[in-house]
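This report refers to the structure that appears directly beneath it.
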Amino acid sequence: MGDPMKKDAAIKHFVPLIPFCISLLVYVRTMLPGVGGYGDTSKFHFIGKVLGLPHPTGFPLYVFINALVARLPWGPLAWRINFLSALLGALTVAVICRISLELSKSPLAAIISSLMLAFSFSFWSVCVIAEVYTLTFFLSCVAIYCLIRWRETLRRRWFYSACLIYAWSFNHPMVIFLIPSILFLILATDKKILGNRKSLSLLALIIVIGASQYLFLPLRSLQNPVYCEGAVHSVKEFLGFVTGSIYKRNFFALSPKQVVTVGIPGYYRILVDQLTLPGVLFSCIGFVIFFFTQRTWAVFFLLVFATTVGLYINGPSAEQPTYYIPATMALVVAMTFSLSATAQRYRTKRPIVDIFVLCALVLILLQIFRRNFPLEDLSRHTGDEVASEQMLGSVKADSIILSPNYHWTQVLLYKILGEEKRRNDHVYVLHHWEPSKLNEYKKGMVQNWDPCCPESPLPNRLNIYLMDTERESRRLKQCRAMGWRPIPVYQQEAPLIIRMLSLDENKMLLACVVDEGTSILSDVAFDVVKALGFRGEKPFAARFGWASAYAVMRHEGEWKGLQNFRYSPIIIEGHKGDPVPRNSFMYPADIKIAAAGYGQGFRNEISVLGTQVSTYDHGLNLVVVDRKSGVIEEYVNVPPAMIDSLRSFYLYELVPEGKKQD
């Protein structure tokens, strides 16, 4: 027989490899294959290669690691950076498994609970695209593991290692969720550290070392990088940048009453989306068992949970589900105790109960995986890659492309700066532009290049191209009004979009699509809504939780009827013969459209004549109803994995009226 201690150590080293390998394989299978996603994703695809300055807080450590991966010789650049997120995500799952194993001593429970995190909705979504979050989660979990080793051995080197890793994890400010827990653990384990001058001096040095990564911001600003979302030239600018002062409006934005009526119900829905209701119940039971078996660590993780939820519950933003992930981590660690305690209690007396609990949790895990896989599978999202290649191949040298939005600015910049397509042909992308200044742009007189500045002086004469995502946008009409003629150069329209836009006036179109909780799908769906020619109540930047519902008819080339796009649940309901509000036509049948985005109770359904045509179908739902008979003529559901194929792209060369195309 071997040494039991060596056997135990071998198990602790081997067990985390199981969830690591499983999660990494799934992440690579569902990973975004190239450029795309949403604006920040495309930016992170090239930010390391050019050592640029991204939006606050700058994420210097991530930029450094990104730069190293960008210089590896294998695979396309965007694929490598996406793989970095997948690898760090899988490593985070492995460390969570090791933490759960150290505390619960149950390998099977640790594997199952860590995979619950791996396939939870929000965590999975940041592991398949280029983002900064997985690095932050990985470092935070490693710091927690070092704290566990410190409390077990009372060797301060583990404590200082945890503090150093935690200091580096301040690459993103969301890691403040750990501060109360660490302070509590110091008081519960070795409070003398706080009164020891030598220890405090060493902690101060560690903080300085961690904070030193932010010197990258002012030093790189002095070099005028080709990509810069905010140069730092003063102490005030530096402090505002690293603290993310421009995002303060996203925090503590709700009143106490709104926290109760909006924040708490919203988080509950998100929580159930992550772990399912049975999974949440197992976590609650686990916390109770955790408290009676290892009170100190139970309080530690309860503080992680409470701090995370308390910080973000009253500041709804597009990143809110992601910011809640540390709370989900605390819950899956607690869940381990409900599994291990049940197994230990019934292992000898009632093995059938042990098997039942195990099967129940495996079924919960499979349910989470089955539900989220279609939403997280980005392996077929190649529309941005193809369209950007086609558009850059269609423009002449010495040209400016006027971008329609932030997303396409970053996609085109990735191609130019990341893959160096047309970079030497003096092809530029202009994000902030005005139709009234087209004559100046034509002469190479551009004042605002934010965020990407040319690396060399502009030619005296430039060709101007306008990219758009809808047939007749407001800006295209403004260019015509300013005396510029748009000449089509490239366009791509999905057959379904063309068919819907050509409906005659005897048809009524019912449609709904909502925020699915992943930024990439939300942004793609938003572009599809615009491509269909729909308009919402009012535009807004943070689209997390948005819902979109329409009951419209074509009249003189435009949609007339109810068009709703907003951050709140929507219900459109009408009876046959009733007038459509603010319009001159009647409902052809009894209809009901209910739409509510992620975190708002998720609904995405259409009913006609009392029959639900679509029931909580993910993606885009379209129903064509005959205006005279009220009969359903067509129903189409486009799932999230296919909605990318509905995007429309248009590229025009803008030529002054009276002049021929060169």
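The values are calculated or read from the model by the stated rules, or taken from the named source; none is laboratory data. Quick caveat: nothing in here was measured; it's all calculated off a predicted structure. Methodologically, a virtual Cβ is constructed for each residue, glycine included, from the backbone with ideal geometry; neighbour enumeration extends over all protein chains shown. Side chains included, ligands, DNA and RNA excluded: accessible areas come from the protein's heavy atoms. Shrake-Rupley method; radii C 1.70, N 1.55, O 1.52, S 1.80 Å.
Got at least one residue in the stretch 119-135 being hydroxyl-bearing (Ser, Thr, Tyr), in contact (Cβ under 8 Å) with a residue 24 or more places away in the chain and touching an Asp or Glu at 6+ places or on another chain (Cβ under 7 Å)? Yes, that holds for at least one residue. Lys530 falls short on exactly one of the conditions (1) open to solvent by 10 Å² or more (accessible area, probe 1.4 Å); (2) closer than 26 Å to Arg371 by Cα; (3) touching a Ser or Thr at 6+ places or on another chain (Cβ under 8 Å); (4) among the charged types (D, E, K, R), and that condition is (2).
Count, please, the residues in the stretch 378-390 that happen to be in contact with a Phe, Trp or Tyr (Cβ under 6 Å, 6 or more places away or on another chain) and open to solvent by less than 10 Å² (accessible area, probe 1.4 Å). Before the answer, list the steps.
Looking only at the stretch 378-390, we keep the residues that are in contact with a Phe, Trp or Tyr (Cβ under 6 Å, 6 or more places away or on another chain), and these are 387, 390.
Next cut, open to solvent by less than 10 Å² (accessible area, probe 1.4 Å) only: 387.
Residues that pass the stated criteria total 1.
Is one or more of the residues making up the stretch 492-506 hydroxyl-bearing (Ser, Thr, Tyr) and either modelled with pLDDT under 85 or open to solvent by 10 Å² or more (accessible area, probe 1.4 Å) (or both)? Yes: one or more hits. Note on the stretch 38-64: residues that are farther than 18 Å from Thr409 by Cβ, over 20 Å from the mean Cα position of the chain (by Cα) and part of a helix (DSSP H, G or I) total 1.
Against the definition (open to solvent by 10 Å² or more (accessible area, probe 1.4 Å) and of a type in the set (Lys, Arg)), how does Lys415 come out, yes or no? Before the answer, list the steps.
On the way: open to solvent by 10 Å² or more (accessible area, probe 1.4 Å): no; of a type in the set (Lys, Arg): yes.
It is false that Lys415 is open to solvent by 10 Å² or more (accessible area, probe 1.4 Å) and of a type in the set (Lys, Arg).
For the stretch 182-198, a tally of residues being within 15 Å of Arg155 (Cα to Cα) and modelled with pLDDT under 90 returns 4.
Here is the figure for the stretch 451-465: residues that are within 13 Å of Leu402 (Cα to Cα) and either part of a loop (DSSP other than H, G, I, E, B) or of a type in the set (S, T, N, Q) (or both) total 2.
The single condition among (1) buried (at least 23 other Cβ atoms within 10 Å of the Cβ); (2) touching a Leu at 6+ places or on another chain (Cβ under 8 Å); (3) of a type in the set (Gly, Ala, Ser) that Gly545 does not meet is (2).
Looking at Ser399, Ser473, which one is open to solvent by less than 40 Å² (accessible area, probe 1.4 Å) and at pLDDT 90 or above? Even if it seems obvious, please write down each step before you answer.
Values: Ser473 fails: at pLDDT 90 or above.
Criteria check complete, one pass: Ser399.
Give the stretch 593-635 a look and list any residue that's on the phi > 0 side of the Ramachandran plot and more than 23 Å from the chain's Cα centre (by Cα), or say none. The answer is Leu609, Gly610, Gly630. Scan the stretch 221-240 for residues that are within 27 Å of the chain's Cα centre (by Cα), touching a residue at least 40 places away in the same chain (Cβ under 8 Å) and not in a loop (DSSP other than H, G, I, E, B) and the total you get is 3.
Are there any helices (runs of 4 or more DSSP H) wholly within the stretch 255-331 with 2 or more residues that are among the β-branched types (Val, Ile, Thr), and if so which? If you could, list the steps in order and put the result at the bottom.
Values: elements: 264-293, 295-312, 320-323.
Those helices (runs of 4 or more DSSP H) span 264-293, 295-312.
Applying the selection to the stretch 65-79, what residues are closer than 19 Å to Glu389 by Cβ and either open to solvent by less than 20 Å² (accessible area, probe 1.4 Å) or part of a loop (DSSP other than H, G, I, E, B) (or both)?
Residues of the stretch 65-79 that are closer than 19 Å to Glu389 by Cβ, as a first pass: 75-79.
Matches in the stretch 65-79: Gly75, Pro76, Leu77, Ala78.
Evaluating Ala551 against the criteria (1) buried (at least 21 other Cβ atoms within 10 Å of the Cβ); (2) not in a strand (DSSP E or B); (3) not hydroxyl-bearing (Ser, Thr, Tyr) leaves one unmet condition, (2).
Would you call Leu281 over 25 Å from the mean Cα position of the chain (by Cα), farther than 30 Å from Arg423 by Cβ and among the hydrophobic types (A, V, I, L, M, F, W, C)?
yes
Just a yes or no: is a residue in the stretch 226-233 modelled with pLDDT of 85 or more and surrounded by fewer than 15 Cβ atoms within 10 Å (Cβ to Cβ)? Scanning the stretch 226-233 turns up at least one residue that is modelled with pLDDT of 85 or more and surrounded by fewer than 15 Cβ atoms within 10 Å (Cβ to Cβ). Which of the residues that make up the stretch 102-130 are open to solvent by 10 Å² or more (accessible area, probe 1.4 Å) and charged (D, E, K, R)? Across the stretch 102-130, the qualifying residue is only Lys105.
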